[in-house]
Each structure stands twice: as C-alpha cells, then as structure tokens.
1. I'm told residue 220 meets every condition in (1) at pLDDT 95 or above; (2) in a helix (DSSP H, G or I) except one. Can you identify the failing condition by its number?
2. Do the conditions hold for residue 20, that is, is it within 25 Å of residue 93 (Cα to Cα) and aliphatic (A, V, I, L, M)?
3. Among the candidates 83, 46, 51, which residue alone is closer than 30 Å to residue 203 by Cβ and out of contact with any Cys (no Cβ under 9 Å at 6 or more places or on another chain)?
4. Select from region 178-207 the residues that are closer than 20 Å to residue 235 by Cα and either touching a Pro at 6+ places or on another chain (Cβ under 6 Å) or surrounded by 24 or more Cβ atoms within 10 Å (Cβ to Cβ) (or both) and list them in ascending order.
5. Of 323, 286, which residue is touching a strand residue (DSSP E or B) at 6+ places or on another chain (Cβ under 8 Å), at pLDDT 95 or above, surrounded by fewer than 15 Cβ atoms within 10 Å (Cβ to Cβ) and not in a loop (DSSP other than H, G, I, E, B)?
6. Check residue 140 against each of (1) surrounded by 16 or more Cβ atoms within 10 Å (Cβ to Cβ); (2) at positive phi and name the one condition it does not meet.
7. Can we say residue 272 is in a strand (DSSP E or B), at pLDDT 95 or above and assigned by TED's automatic domain parsing to the domain that holds residue 161?
8. Can you name every residue in region 83-92 that is closer than 18 Å to residue 36 by Cβ and either out of contact with any helix residue (DSSP H, G or I) (no Cβ under 7 Å at 6 or more places or on another chain) or among the aliphatic types (A, V, I, L, M) (or both)?
Amino acid sequence: MNIEMPKIGKIDRSVFNKVIKGKLGKGNKNIIIGPKHGVDAAAIRVEGSKVMVVAEDPTFGMPSLIPNFGWAIVHICASDVAVLGVPPEYITTCLLFPPSTDSGQLERIWKQVHEECEKLGISVVGGHTGVYPGIDYPLNGGATVFGMGDESELTPPTNARPGDSIIMTKGPAIEAVGVLAIQSEEELKKEYGEKLVDKAKDYIKDMTVVKDSLIISDKVNAMHDATEGGVLNGIYEIAEASEMGCTIYEDKIEIPYEILKVSEYFDIDPLKAISEGTLLATCPSENVDEVIKSLNSENINCWEIGKIHDGKKEFVRENGKKEKLKPIISDPFWHAHFEALKE
C-alpha cells in the first residue's frame, strides 16, 4: 500500500483511515467516543452516565515557544478535554530534553506546569522526565489530560446539528501569528513598528480554549479547537465528523489587524494557518445571542460566521463566489516557520 505521508505535521484523514481506522486493538463497549480524525478527545463510560474524557498532545519545543513552554504543555492538552464540555482534572506529562539542558531550564518549565495546573484545577498524577540525544529542543513527548463528567454534557465535533450557527472565538491564526511574531520580532518591527508586533506576540498567551469552552459548554452542541489547517480545516472537520454540510461566510470572519499584517508578511492564508486558541462551536440559533454575550462578558471576542445544514460544505468568498470547502492538507505555517528559522 503506497501512502503519502505529510512532510511535517499531523497525518491527514486519508492516512488515518488507511492505516489506523479499524486497527484499534480490542473493542470495548464502554468507549463512547473513540479515535476519529478531527475529534479532539476520547470519552469512556465509567459507571451509569458517568464518563471519563481523555486527551493527549505533544508540544513541539520550537525556540519561540520555550519561554512559555510549560504553560503551553498544560493548556494545549487541557483544551482538548475542555472542548468536550468537561473540566480537565488530571494530567501526566512526558518531558524530553536535549543533553545541553541545564537544571534551571527544567525548573522554569516545571514551575509553569505547576502554576497553570493550579489555576485550572488540574492535578499532576504522573509522567516521565529525562535527557536524550537526538533532540534539538525541549519536547513534550505527550501529555495526557483526564476529566470526569456526565455523558449528557459531551460536546464532540460529531454533535453538530442542522440549523446550528457556527461561532468562532478570538480570530484565526492565533498560534501561527504568536509564534512567528516572537520568532521574527526584529524583522517585523522594521516593517510594522513595535506596537503592532507586541500585540502580535501577545497571541502566544491566547493559545488555549479551556476558558472559552467551559463558559459555553451548556449552550452548544459541538466544539472543536482550530489547530492545524486553521479555521477552515476546523470547520470542515466538524461538518465531516457530524456528516453535515456547512456554509462559511468570509465577510463574517473577523481578522484582527495585527494577524492580517503578520500573515501578509509571511505570505500565509490566516484562515488556513494553525490556530490553537480559536474555539469553533456550533449551537442552536436561539442560543447565539446568549453564547456571544457569555463570551464577551469574559472579554473573549467572538463572531457568528456560518451555518450547519444538510447540504454541501461551502465557503462563500467576500465577492459572493462559492467554493467547495475542502480539508487543508498542508498548513502554511510550517513552511513559514522553518524558512524564518533559516534566516
């Protein structure tokens, strides 16, 4: 079987379906939500309607992320539990360091892990920490976060319903712009000035949807974190997982000015770039005002950008032209990131 693997980033739906789907070890009747492309976490029945939600994520120790690495480890994985509508409660970590690491760096990273877990009410219950050759930067080989809740509370991407409105928080390309602005700070300041670049750098601390998700979990049907492939890929994944169609309107997608300018500088489409920190949610139309009000009251910007329906998956451009909404095979952020590193 000849399978084309991605040059970098997560495998796509095609590779997942050919290699992993259907080869998942022993079946178990208690698995409510199992491995599925575009689904953030698993849900396992514990007793009665009680469920355990489990998510795992690596964190790539790119240089621009190192100052906030411990923060990112906790929030990126905890976000995947929160989008299922359940508060994260427990975490295990796997921290791998290059031989050049000193104890001070470990202390700084672990202090962040501890502090963010305290803030989110998460207990560290285990893990692995070590130094290994062949690693250029600190690496979270995989953090696993667990949460407990009721089956009725779950909000997986498979739950979108016809007539649902699609809500987006914060804007697109949150992670891409935050990372690139830190990584290429001096070059960007020469182009746009210090004020814009400082605002762009601040997006690094928006790479979480824990708060977003838990504020509105009782008002929505489905939630998803817009990671690789960005906003367009995230919406595609919700529609595909729910076996639904959707219509997304470009003129309703707000792009903050600093995100637009940094994206232009690196020639990336902000709607297709990795956006850890952008929550995508679908909710009944009658809940839209309440969802937006709830998020805004916590200083989280959000917008209604489209609809879920029984038809095709469409993206309507600002000029009114309709395009087929397709999965994003290659996230443009990665090319921009590694090219900037070379420079």
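1. That leaves (2) as the condition not met.
2. Working: within 25 Å of residue 93 (Cα to Cα): yes; aliphatic (A, V, I, L, M): yes.
So residue 20 passes the test.
3. Exactly one residue qualifies, and that residue is 83.
4. First, pick out the residues of region 178-207 that are closer than 20 Å to residue 235 by Cα: 206-207.
Listed by number, the list holds a single entry, 207.
5. On the way: 286 fails: touching a strand residue (DSSP E or B) at 6+ places or on another chain (Cβ under 8 Å).
The match here is 323.
6. Among (1) surrounded by 16 or more Cβ atoms within 10 Å (Cβ to Cβ); (2) at positive phi, the lone unmet condition for residue 140 is (2).
7. Numbers: in a strand (DSSP E or B): no; at pLDDT 95 or above: yes; assigned by TED's automatic domain parsing to the domain that holds residue 161: yes.
Criteria not met by residue 272.
8. Kept after step one, since they are closer than 18 Å to residue 36 by Cβ, are these residues of region 83-92: 83-86.
Selection gives 83, 84, 86.
The values are calculated or read from the model by the stated rules, or taken from the named source; none is laboratory data. Remember, it's a predicted structure, so these values are computed and weren't measured experimentally. Cβ atoms come from the backbone with ideal geometry, glycine included; neighbour counts cover every protein chain shown.
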